[in-house]
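Take a look at the structure set out below.
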Amino acid sequence: MFDWIIEAFAKDEQAYFTSISEPTAGKHSKTINKTFECSIIELADDIAYATYDLEDAFKLNLIKREDLCQVVERHKMISSVRIAEALRIFLDASTDRHKQTKRFFADLVSGFIHEITVKDVQPHFASNRLRYKAVIGDEAAQLLEDLKTLVVDHVIFSQKVQTFEWRGGKIIEKLFVAMLNDKNLLPEDEKTSWSPASERQNARLVCDYIARMTDTYALKMYSRLYEAAGGRLFDI
């Protein structure tokens, strides 16, 4: 499947697209270069993470106003007119706090989008998908990183979230071990692809099956396998 996707690229384009970083301790390799559409998606994801996710955390009081104000203060001299105006309004103590906050995040999204440009990173490439890349200005990129760090420090690594993440990891781990050691726990379609000779293939099979599960389905399956009150026969 992957070969079919990249066969439209020239040899030098394929080498560029398939290059990966060196693995480091505790981390796997990552692709270095992306297609044009992927660069857009990545920026959209970063902007959503630094604005809408931050707004949700702010409303839930997971992030305090003074913490956000510290980040805003550091960037209030940004050259982007749109973003600078959004930061100024947020710091203005005379405005209504509720309306101010709602407008702040909406204006930030608009400001970040207007800071995105298309860069010709590989002028000699024939494929426009690899030749061009969506990029955001350095100042806006740094503000994005600081806002994302705020979410990471105060939300992702908070006790509330980490306890859920730990529990979810244990559920997935136990489902994987159980199904890898007993193929009869898998649906019929997965059983037909089971390999008596390749544990690696079977592990991939189990991973793909678990990855397709919704949270609710995974919880019900875990309950059926490991808990005394494991539900009814046809509840999943």
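What follows is calculated from the coordinates using simple rules that are stated; it is not laboratory data. From a predicted model like this one, the values you see are computed outputs, not experimental measurements. Here the Cβ is made from the backbone with ideal geometry for all residues, glycine too, and neighbour counts use every protein chain on show.
Through the Karplus equation 6.51 cos²θ - 1.76 cosθ + 1.60, θ set to phi - 60°, convert the phi angles of the range 123-132 into ³J(HN,Hα) values in whole Hz; use x for Gly and Pro.
Once rounded to whole Hz, the list reads x, 8, 6, 7, 7, 5, 5, 9, 6, 10.
So how far apart, in nm, are the two label points at GLU227 and THR31 if each is 7 Å from Cα heading toward Cβ?
3.8 nm
Please list 3J(HN,Hα) in residue order for the range 114-119, calculated via the Karplus relation 6.51 cos²θ - 1.76 cosθ + 1.60 where θ = phi - 60°; whole Hz, with x for glycine and proline.
Residue by residue, the range 114-119 yields 6, 8, 8, 10, 9, 10 Hz.
Pick out, from THR163, PRO123, VAL135, the residue whose Cα sits farthest towards the positive end of the charge dipole of the range 122-194, with +1 on the Cβ of Lys and Arg and -1 on the Cβ of Asp and Glu.
Checking the options against the dipole of the range 122-194, the answer is PRO123.
Using a Förster distance of 41 angstrom, determine the FRET efficiency expected from the C-beta separation of GLU173 and SER19, and round it to 0.05.
According to the calculation, E is roughly 0.80.
Once the other residues with Cβ under 10 Å from the Cβ of LEU147 are scored (Lys, Arg +1; Asp, Glu -1), what is the net sum?
That sum, taken over residues with Cβ under 10 Å, equals -3.
Quick check on the chain: take the gyration tensor over C-alpha atoms, sort the square-rooted eigenvalues as a ≥ b ≥ c, and tell me if it's rounded (a/c under 1.5), prolate or oblate.
Because a/c hits 1.5 or more and a/b fails to exceed b/c, the chain counts as oblate.
Helix 159-181: angle to the longest alpha-carbon principal axis of the chain, degrees 0 to 90, nearest 10?
It works out to around 30 degrees.
Once you charge only the Cβ atoms, +1 for Lys and Arg and -1 for Asp and Glu, what is the size of the charge dipole of the chain about its Cα centre, to the nearest 20 debye?
Charge dipole of the chain: 460 debye, to the nearest 20.
Between ALA44 and HIS124, what is the spin-label point distance in nm, taking each point 7 Å from the Cα along the Cα→C-beta axis?
So the label points at ALA44 and HIS124 sit 3.3 nm apart.
Counting pairs of alpha carbon atoms under 8 Å apart in space and at least six apart in sequence, what relative contact order in percent does the range 50-167 give?
31 percent
Please list, by residue number, every one of the GluC sites (Glu not before Pro) in the range 1-75 that is coil in DSSP and has at most 16 other beta-carbon atoms within 10 Å.
For GluC sites (Glu not before Pro) across the range 1-75 that sit outside H, G, I, E and B with at most 16 neighbouring Cβ atoms in 10 Å, the list reads GLU7.
What angle do you read, to the nearest 10 degrees and between 0 and 90, between the alpha-carbon axis of helix 215-226 and the longest principal axis of the chain?
40 degrees
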